[in-house]
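The values are calculated or read from the model by the stated rules, or taken from the named source; none is laboratory data. Computed from a predicted structure; not experimentally measured. With ideal geometry, Cβ positions are generated from the backbone for all residues, glycine too; neighbour counts draw on all protein chains shown.
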Amino acid sequence: MTVHDDRLGRFIADIEDRVGPLLPPIEAALRAVPRALFIPDVALASPGCRDEAYVIDRGSDPDAWWEAVNTATDPIITQIDDGTRGFDSDGAYTSSNSAPDTVAELLELLSTKPGHRVLEVGTGTGWTAALLSHMVGAERVTSVEIDAAISERAAKNVSVAGYEPHLVVGDGATGYPDGAPYDRVHVTCSVYRVPYTWVEQCRPGGLIVAPFETGVGCGRAIRLVVSADGTAVGRFRGSASYMPIRAQRVEYPPEPDVEPARHSTRVDPRTIAEAPPGAALTIAALTGLHVSAEQDDDLVRVWVLNPDRGDERAMTVWDPDPGQWPVFQIGDRPVWDEVTDAYFRWVSWGEPGRDRYGMTVTPDGQSIWLDRPDNVLRRAGT
């Protein structure tokens, strides 16, 4: 057995440890399309919450580079701040090669078959486009990337891997109508709103698989089935935290220069910060507010804010002392109370899990529902 074979075998085994046995077409694609071909010599390995991100350099430390490439759970960051900053900066991550276990899970949800026409939104390094090319035929894969420099590098990568899918520079939020209709739409960037153009460009019975963000908790995958009447309906599946599609990046309004009002809460702020996926979906659907948290030694800070208005926000701090915790609020809207009320509504429903929630997308917008599409929690325009 060669070193390459040994690495590949352990790589596949590690993915299966995370997601279970791979479907044969997905395993075959992972074996045929090495991830290493799509990772630049210098990049940023991102182990998530386990450790700090760190630079990998194939020239100076090839062993560390190979170890990062063959780790099933870690994305590798390939761009910072849209390419304006280097890997030694603290900028925002704007492109990556996604964690292999998540790639495998989304491909499983996509359920491709030979001959399917696939639209990929977000080419990135080109790895998923090459995997899809192996699975359905490169001539049936169209991949759209908004960043011309990223698309150019991806074209070189997929060519080295031996595939020639149709790579397009453009805004993936608008799809690619010239190649429609598609049997599958595979999205490799997160969205707050599912663009209806994807539904329009997908044939009846086709599938759309995308990472979905609500602003509360981690992202999760949504799998939508397109109906003949022009709607798309489906349920939320596993976790899938991806960088946002550029057309939907959230830029929060600045905080006004006012003295916040001080209240208190008997609800442990960690209850909201660590809300399970079902609770997070309920909070997002009922309030439209965003929640974020940060731990600093023994303190946990939780922010609640309206993504559209800077004058509607609150912050609370948990410390080890039991009792009540302070809530610092800006604006008249009681955003902390709204979030906790939504959480306890979720509790009163029996704490339903993520798989009981779903979404419907129509020309008029999207709605999140519980258990069945007519039990709508909230409607939002696209």
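Computed values, structure above
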{"item": "Residue in segment 228-249 that is surrounded by the fewest Cβ atoms within 10 Å (Cβ to Cβ), counting only those that are out of contact with any helix residue (DSSP H, G or I) (no Cβ under 9 Å at 6 or more places or on another chain) and among the small types (Gly, Ala, Ser)", "result": "228"}
{"item": "Lone unmet requirement of (1) more than 19 Å from the chain's Cα centre (by Cα); (2) over 23 Å from residue 244 (Cα atoms) for residue 111", "result": "(1)"}
{"item": "Strands (runs of 3 or more DSSP E) enclosed by segment 164-279 - at least 3 residues per element that are at pLDDT 95 or above", "result": "166-169, 182-187, 202-212, 220-226, 232-239"}
{"item": "Options 191, 226; residue that is assigned by TED's automatic domain parsing to the domain that holds residue 118, touching a residue at least 40 places away in the same chain (Cβ under 8 Å) and either of a type outside the set (Asp, Glu) or under 18 Å from residue 107 (Cβ atoms) (or both)", "result": "191"}
{"item": "Matching residues, segment 356-369, being loosely packed, with under 15 Cβ neighbours inside 10 Å and modelled with pLDDT of 95 or more", "result": "363"}
{"item": "Members of segment 146-163 found to be closer than 25 Å to residue 197 by Cα and assigned to a loop (DSSP other than H, G, I, E, B), listed by number", "result": "146, 147"}
{"item": "Condition met for residue 282 (buried (at least 20 other Cβ atoms within 10 Å of the Cβ), farther than 15 Å from residue 255 by Cα and in contact (Cβ under 8 Å) with a residue 12 or more places away in the chain)", "result": "yes"}
{"item": "Selected residue [under 19 Å from residue 250 (Cβ atoms), among the polar types (S, T, N, Q) and not in a loop (DSSP other than H, G, I, E, B)] from 295, 366", "result": "366"}
{"item": "Any hit, segment 328-348, residues being in contact with a Phe, Trp or Tyr (Cβ under 9 Å, 6 or more places away or on another chain) and either modelled with pLDDT of 95 or more or not in a loop (DSSP other than H, G, I, E, B) (or both)", "result": "yes"}
{"item": "Failed condition for residue 222, given (1) under 11 Å from residue 358 (Cα atoms); (2) among the β-branched types (Val, Ile, Thr); (3) surrounded by fewer than 17 Cβ atoms within 10 Å (Cβ to Cβ)", "result": "(3)"}
{"item": "Residue in segment 310-322 that is surrounded by 15 or more Cβ atoms within 10 Å (Cβ to Cβ), farther than 14 Å from residue 338 by Cα and of a type in the set (Gly, Ala, Ser) present", "result": "yes"}
{"item": "Answer residue from segment 195-208, given it is under 18 Å from the mean Cα position of the chain (by Cα) and buried (at least 24 other Cβ atoms within 10 Å of the Cβ) and is nearest to residue 287 (Cα to Cα) among those", "result": "195"}
{"item": "Boolean, residue 89 is farther than 25 Å from residue 210 by Cα and hydroxyl-bearing (Ser, Thr, Tyr)", "result": "yes"}
{"item": "Within segment 211-234, considering residues that are over 17 Å from residue 187 (Cβ atoms) and of a type in the set (A, V, I, L, M), the one farthest from the chain's Cα centre (by Cα)", "result": "228"}
{"item": "Test for residue 253: is it in the same structural domain as residue 325 (by TED's automatic domain parsing), within 26 Å of residue 173 (Cα to Cα), in contact with a strand residue (DSSP E or B) (Cβ under 7 Å, 6 or more places away or on another chain) and surrounded by fewer than 22 Cβ atoms within 10 Å (Cβ to Cβ)", "result": "no"}
{"item": "Only listed residue being in contact with a strand residue (DSSP E or B) (Cβ under 8 Å, 6 or more places away or on another chain) and not basic (Lys, Arg), chosen from 363, 322, 352, 276", "result": "352"}
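Matching residues to (1) over 19 Å from residue 251 (Cα atoms); (2) modelled with pLDDT under 95; (3) among the aromatic types (Phe, Trp, Tyr):
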residue	(1), (2), (3)
299	yes, yes, no
311	no, yes, no
319	yes, yes, no
325	yes, yes, yes
